Amino acid sequence: MNIGFIQFSPVLGDPDASIEKIKRLINQCEGADLVVLPELSNSGYNFESKEQAWELSEEIPKGKFCDFIQTEARERGIHIVAGVNERDGERLYNTAILTGPEGIIGKYRKTHLFWDEPDIFLPGDLGLPVFDIGECRLGILICFDWIFPEVWRVLALKGADLVCHPSNLVIPGLCQKAIPVHALTNRIYIITANRIGTEGNLTFTGLSTIADPKGKVLIQASSSEEEVGVVDMNISLARDKMITPRNHAFNDRRPELYSLLTENDPDE
Ligand code: ACM
């Protein structure tokens with residue numbers, strides 16, 4: 001199975017321009033079976049106001065961007081994970097959809113909101129789903145979710161071979177250091193599809209990355225160019241959790257010592 005990312009700069013306020021860019025870049029993802037796009041690919045990130053975020057949001061699966069992603073997945077016979085500014089009734093969520101050749105399979109709503117995002121979005125309410133797409137099982141995290149090792153572990157324990165990570169990262173270098181480590185400790189593949197460009201006071205850091213279950217960076221994009229990356233994924237590597245012939249990454253855990261992780265206020 002070949003997996004890839006599209007790194008680009010969505011055009012804030014001009015979804016049609018963003019769609020045109022994706023159309024051009026997805027043509028370069030030769031041989032890819034699954035492609036990941038950045039966070040909020042339909043809208044851009046640094047909204048002037050909640051009203052602007054609202055105007056640039058869309059319902060899933062009805063909106064124009066979702067329609068475009070579904071058409072691409074169907075015509076190419078591939079899976080696509082893409083960040084979407086999602087409108088649901090009166091609410092907005094920072095969401096990623098998983099689409100296959102037959103249409104939308106599921107979605108994930110960002111769990112840990114970053115900086116001003118709580119002024120716009122509600123925190124995710126769909127948990128941490130893992131989707132079986134036949135060729136592999138995959139989970140989704142969005143951008144700032146990266147700093148919480150718990151969510152990577154939960155997805156891996158639920159059987160994810162691969163975590164797709166649409167992002168709009170702004171702190172240079174931090175997440176890109178952590179991705180191979182999350183991949184290594186959980187023995188999974190990770191695709192971080194980051195964006196580039198500047199919106200107002202925010203510059204996005206690119207360096208989209210695919211890491212393998214041994215913590216090896218298989219491919220990394222530049223920090224400033226629109227580009228794609230595609231690599232081969234060896235699923236058996238992700239399903240082998242043995243660290244030595246006598247050590248298993250999951251079975252050797254001592255969860256009875258970890259109860260603090262699920263307490264809301266560890267000082268109580
Ligand atoms: C981020 O969560 N967009 C940094």
- Query: Ranked highest first by average number of other Cβ atoms within 10 Å, how do 15-26, 143-154 line up?
  - Reply: 143-154, 15-26
- Task: Quote to one decimal, in nm, the extra length available between K177 and I235 on full extension: 0.36 nm per residue of separation minus the C-alpha distance between them.
- Result: 18.6 nm
- Highest mean first, what order results for 201-208, 92-99, 127-134 on Cβ atoms within 10 Å? 92-99, 201-208, 127-134
- Scattering from the C-alpha atoms of region 156-227 alone, worked out with Debye: what is log10 I(q)/I(0) at q = 0.12, 0.17 1/Å? -0.31, -0.58
- What are the radius of gyration and Dmax of region 21-99, computed over its Cα atoms and given in Å? 12.9, 40
- Task: Give K62/K158; K107/K158; K107/K177; K23/K64; K23/K110; K62/K107 a once-over and call out the pairs whose C-alpha atoms are over 18 Å from each other.
- Result: K62/K158; K107/K177; K23/K110
- Farthest toward the dipole's positive end in the chain, which of V163, A53, T99, given Cβ charges of +1 (Lys, Arg) and -1 (Asp, Glu) about the Cα centre? V163
- Query: Computed over the Cα atoms of the chain, what is the convex hull's projected area averaged over all directions, in nm²?
  - Reply: 14.4
- Message: Kirkwood hydrodynamic radius, computed over distinct alpha-carbon pairs, for region 108-254: how many Å, to one decimal?
- Response: 15.9
- Message: Given points 7 Å out from each Cα along the Cα-Cβ axis, report the E256 to E51 separation in nanometres with one decimal.
- Response: 6.0
- Message: Distance between the C-alpha centers of region 219-234 and region 156-191? Whole Å please.
- Response: 14
- Query: Quick one: of the DSSP bridges fully inside the chain, what percent are antiparallel, nearest 5?
  - Reply: 70
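Computed from the coordinates by the stated procedures, all read-outs in this text should not be read as laboratory data. This structure is a prediction, so every number in the text was calculated from the model and none was measured. Cβ atoms come from the backbone with ideal geometry, glycine included; neighbour counts cover every protein chain shown.
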